[in-house]
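Have a look at the structure below before the remarks.
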Amino acid sequence: MSLTGFASPWWFLLLVLVAAVVVGYFLSQRARRKRTMRFANLELLEKVAPKSQGWIRHLPAVLVVLSLLVLTVALAGPTAEQKVPRNRATVMLVIDVSLSMEATDVVPTRLKAAQEAAKSFAQNMTPGINLGLISFAGTATVLVNPTTDRQGVAKAIDNLKLAQSTATGEGIFAALQSIESFSAVVGGADGPPPARIVLMSDGKQTVPEDLYAPRGGYTAAQAAKQAGVPISSISFGTTHGTVDIEGKPQSVSVDDESLQEIARLSGGEFYKAASAEELKRVYADLGEQIGYEIKDADASKPWLIAGTLILMIGAAASLFIDQRLP
């Protein structure tokens, strides 16, 4: 355990008293030797006095002093970094449902694999996270507003339907609007909860074609940056995916470049997933990042337990060694 600080460091002033106890013990031992040397008949002293036990006779005192040191640390309130579940946050899951998601380069299809991974992500999210769902193709649809009801999100994921075109910017803008509306309702004295967008897509934006257009993906990413909402983008699929459109096979290669730029512009992270297993790992990593945070938490309990046990051992040792409590 690595300590990061102390909540009440002024308790360390007690170390002055611990030092006084140590000094008092040494003085008492010195006075005891002087009284022994004043004994008139040394031969009689050897017969009536108990035989010296050497250094072990100091063990109870050492244990008592050690316990006082450890208990003083416990009183000072040591803190350590610990991973704790977030108690408030908003996450919008934005999933591409364009026709390219029907490609079978990921078994059984990109959409089926994405649904399974997204459901696992939703169901394993920590309880304090409000999770929403948006699907987008030519337009964006808010399927579930931010909620802690994981079953509703999972059911909506199961019911995703494919449609034409890919309007990535619309999906991001819809997520930002949903986050803004939710934050206005739940924001209290501490302000709105932190928010993030998890964007999963497999292809290049087609509506509009210009990513810097007013409703384009790059423009939406810049708006997310201004709103303080980072985008974790996932590029899902391979470079050899194809779908049949009007009886003709059409290549639907993933577009890593634009999704990576969307993440960068928003201040988020980019992830690549070329298989169902990789997608599950990406979602699992995101679940850890989003669902938990590192905080300085109280770490005094181990010190309190250790100090108490050492004190008890010291008391027991004094009874066995000196037949009295120190």
Exercise for review: Test A213 against the stated conditions and say whether it is among the hydrophobic types (A, V, I, L, M, F, W, C), surrounded by 13 or more Cβ atoms within 10 Å (Cβ to Cβ), without any contact (Cβ under 8 Å) to a residue 60 or more places away in the chain and part of a helix (DSSP H, G or I).
Suggested key: no
Exercise for review: Can you run down the residue pairs with Cβ atoms below 6 Å, 6 or more apart or on separate chains, where the first is in region 263-276 and at positive phi and the partner is at pLDDT 95 or above and of a type outside the set (F, W, Y)?
Suggested key: G267/K225; G267/P230
Practice item. Would you mind telling me which numbered condition in (1) assigned to a strand (DSSP E or B); (2) more than 19 Å from F236 (Cβ to Cβ) K155 fails? Key: (1)
Review point. Any residue in region 1-18 that is modelled with pLDDT under 90, surrounded by 10 or more Cβ atoms within 10 Å (Cβ to Cβ) and within 30 Å of V185 (Cα to Cα)?
Key: no
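Of all residues in region 70-111, which are surrounded by fewer than 16 Cβ atoms within 10 Å (Cβ to Cβ) and either assigned to a helix (DSSP H, G or I) or among the polar types (S, T, N, Q) (or both)?
Initially, region 70-111 is screened for residues surrounded by fewer than 16 Cβ atoms within 10 Å (Cβ to Cβ), giving 81-85, 87-88, 104, 107-108.
If the condition is that a residue be surrounded by fewer than 16 Cβ atoms within 10 Å (Cβ to Cβ) and either assigned to a helix (DSSP H, G or I) or among the polar types (S, T, N, Q) (or both), then Q82, N87, T104 are the ones that fit.
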Review point. Which one of E261, E269 is farther than 23 Å from A117 by Cα and of a type in the set (D, E)?
Key: E261
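Regarding region 234-253, can at least one residue be identified that is in a strand (DSSP E or B), small (G, A, S), within 22 Å of L162 (Cβ to Cβ) and open to solvent by 20 Å² or more (accessible area, probe 1.4 Å)?
Initial filter on region 234-253 (in a strand (DSSP E or B)): 234-236, 242-245, 248-251.
Now drop any that are not small (G, A, S), which leaves 235, 251.
Add one more test, that the residue is within 22 Å of L162 (Cβ to Cβ), and what stays is 235, 251.
Remaining after also requiring open to solvent by 20 Å² or more (accessible area, probe 1.4 Å): 251.
Checking region 234-253: at least one residue is in a strand (DSSP E or B), small (G, A, S), within 22 Å of L162 (Cβ to Cβ) and open to solvent by 20 Å² or more (accessible area, probe 1.4 Å).
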**Study point:** Unmet requirement for G314, which otherwise passes all of (1) within 29 Å of D210 (Cα to Cα); (2) crowded, with 18+ Cβ neighbours inside 10 Å
**Key:** (1)
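Would you pick out the residues in region 57-69 that are touching a helix residue (DSSP H, G or I) at 6+ places or on another chain (Cβ under 7 Å) and open to solvent by 50 Å² or more (accessible area, probe 1.4 Å)?
Filtering region 57-69 for residues touching a helix residue (DSSP H, G or I) at 6+ places or on another chain (Cβ under 7 Å) gives 57, 59-61, 63-69.
R57, L59, L66, L68, L69 - these are the residues of region 57-69 that are touching a helix residue (DSSP H, G or I) at 6+ places or on another chain (Cβ under 7 Å) and open to solvent by 50 Å² or more (accessible area, probe 1.4 Å).
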Study note, to complete from the structure: Within region 216-233, the count of residues that are in a helix (DSSP H, G or I) and farther than 27 Å from A113 by Cα comes to 7
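Can V186 be described as over 23 Å from L162 (Cα atoms), surrounded by fewer than 24 Cβ atoms within 10 Å (Cβ to Cβ) and among the β-branched types (V, I, T)? So that I can check it myself, show each step before the final result.
On the way: over 23 Å from L162 (Cα atoms): yes; surrounded by fewer than 24 Cβ atoms within 10 Å (Cβ to Cβ): yes; among the β-branched types (V, I, T): yes.
Answer is yes for this residue.
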Practice item. Kindly establish whether D149 is surrounded by fewer than 15 Cβ atoms within 10 Å (Cβ to Cβ) and free of Cβ contacts under 8 Å to residues at least 12 places away in the same chain. Key: yes
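Restricted to region 256-301, and to residues that are part of a helix (DSSP H, G or I) and of a type in the set (V, I, T), which residue is farthest from the chain's Cα centre (by Cα)? Before you say what the answer is, go through the steps one by one.
Initial filter on region 256-301 (part of a helix (DSSP H, G or I)): 256-266, 276-291, 301.
Add one more test, that the residue is of a type in the set (V, I, T), and what stays is 262, 282, 290.
Details: I262: 25, V282: 16, I290: 7 Å.
This residue is I262.
If you check G128, G187, G203, G191, which single one turns out to be modelled with pLDDT under 95 and at positive phi?
Values: G128 fails: at positive phi; G187 fails: at positive phi; G203 fails: at positive phi.
Just one listed residue meets the conditions, G191.
The values are calculated or read from the model by the stated rules, or taken from the named source; none is laboratory data. Just so you know, these numbers come straight off a predicted model, no measurement behind them. Heads up, the Cβs are rebuilt from the backbone with ideal geometry, glycines too, and the neighbour counts pull from every protein chain shown. Accessible surface areas use protein heavy atoms only, side chains included; no ligands, DNA or RNA. Shrake-Rupley method; radii C 1.70, N 1.55, O 1.52, S 1.80 Å.
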